[in-house]
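Worksheet for the structure shown next.
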Amino acid sequence: MRKASLIATTAIAIVLVLAGCGNGAPEATGPEFAPNQTAEAYIYIHGGYVGIATARTNAQGEPSVELDEAFLPHTLAAVDIDADEWNEDNTAWYVVRGNQNYVAKYVE
């Protein structure tokens with residue numbers, strides 16, 4: 001009985017040692033990302049800023065990542081009227097067209 005246990009233990013140890021022998025690290029086969037792809041993600045970061053992450057791959061599938069943040073213009077206009085008093089004469093939208101910025105009117 002003792003001899004059979006020793007043989008079984010030795011056989012299991014040999015199998016485990018041989019299973020650990022591999023062919024080494026696999027060779028690189030090319031890009032791991034699809035070429036010519038773009039993905040964007042947005043998140044509210046802090047104090048009126050939005051984080052923007054853009055991930056791209058070029059024609060060869062090489063990745064590049066761009067991180068940026070943009071200010072939300074939620075604090076640019078001072079409004080001291082009630083919501084039921086708002087109309088088109090005293091309210092304007094914040095608009096960006098090309099390089100031109102149009103800001104809300106000041107309300108007294």
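Here are the numbers:
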read-out	value
Scan of the range 8-38 for residues that are modelled with pLDDT of 80 or more and surrounded by fewer than 10 Cβ atoms within 10 Å (Cβ to Cβ), ordered by number	ALA34, THR38
Identity of the residue in the range 40-61, farther than 22 Å from LEU72 by Cβ and in a strand (DSSP E or B), that ends up nearest to the chain's Cα centre (by Cα)	ALA55
Selection count where residues are part of a loop (DSSP other than H, G, I, E, B) and at pLDDT 70 or above, scope the range 62-100	11
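The values are calculated or read from the model by the stated rules, or taken from the named source; none is laboratory data. Since the model is a prediction, treat every value here as computed from it, not as a measurement. A quick note on method: Cβ atoms are made from the backbone with ideal geometry, for glycine too, and the neighbour counts reach across all protein chains shown.
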